[in-house]
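Every number here is computed from the coordinates shown, using simple stated rules; none is lab data. On a predicted model such as this, the values are computed, not experimentally measured, just so you know. Here Cβ is always computed from backbone atoms with ideal geometry, including for glycine, and neighbour counts include all displayed protein chains.
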Amino acid sequence: MYVRCFLGCDLTPQSKIALSEWCEHFARLSASGPVKVRPANYHVTSLFLGHLTSSQLETVVTACANMIEEQRTPLHAFEIALNDIVFWQKPKIMAAIPLSVHPTLLALHKLALQVASEAKIQVKHPSSSYRPHVTLYRKVQGDQIAPPLLMPDIKFVVNQWHLFESVSTPSGVTYPIRFSWDFSPSFAHRRE
């Protein structure tokens, strides 16, 4: 059994709605070509893990729980402010990004790399290239976008880290949360 997974942070329902509304009113893309990401799928990836065996999945879940509990500096809830837009040519996406990256996002990426190493998962992208973002549109060509009329200003609090599964369905991909770890004194993890 293989499951396609990634570690990351979810947006609040209110921030997903606000970001989707921003796209409707201020994003300037040509009508044909770009594919809008469904708001339910908005997230900030810490690290894409790929297709995992059941053994790797078990190692990931255990390692995440252990590493979060063993943090010398406890992880606390933090705020992400999505206040800029980028277009990346290679993956052909338009994304919302924070102008200032919170240190906890970087710490979670580093933890995710350690988890991947423990589970013997080869990571495709080096740590130095990590750019936290929320993908808004896929299949975007450079000539299909113009600068937005107004930059987003979407803020939300992150108080959990998640293991998401990427599931292909007839109506498109979904990202159900399979495990969560709270940023709290107990750092309890629970299965979704």
**Item:** Value of relative contact order over region 2-191, rounded to a whole percent, pairs C-alpha under 8 Å and six or more apart
**Value:** 34
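Rounded to the nearest 20 debye, what is the charge dipole size of the chain about its Cα centre when +1 sits on each Lys and Arg Cβ and -1 on each Asp and Glu Cβ?
Magnitude of the dipole: close to 540 debye.
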**Item:** Distance-filtered residues of region 1-19 - backbone nitrogen under 19 Å, label point 7 angstrom along residue 131 Cα→Cβ
**Value:** 9
**Prompt:** Regarding region 2-191, what is the average projected area of its C-alpha convex hull, in nm²?
**Reply:** 10.9
**Message:** Give the residue list of GluC sites (Glu not before Pro) in region 53-124 that are DSSP loop and have at most 14 other beta-carbon atoms within 10 angstrom.
**Reply:** 70
**Prompt:** Can you give me the relative contact order of region 3-62 as a percent, contacts being Cα pairs under 8 Å and 6 or more apart?
**Reply:** 64
**Asked** Which entries in 36/139; 16/92; 36/92 show an alpha-carbon gap greater than 19 Å?
**Response** 16/92
**Asked** Between residue 118 and residue 1, what is the label-to-label distance in nm when each label sits 7 Å out along the Cα-to-Cβ direction?
**Response** 2.2
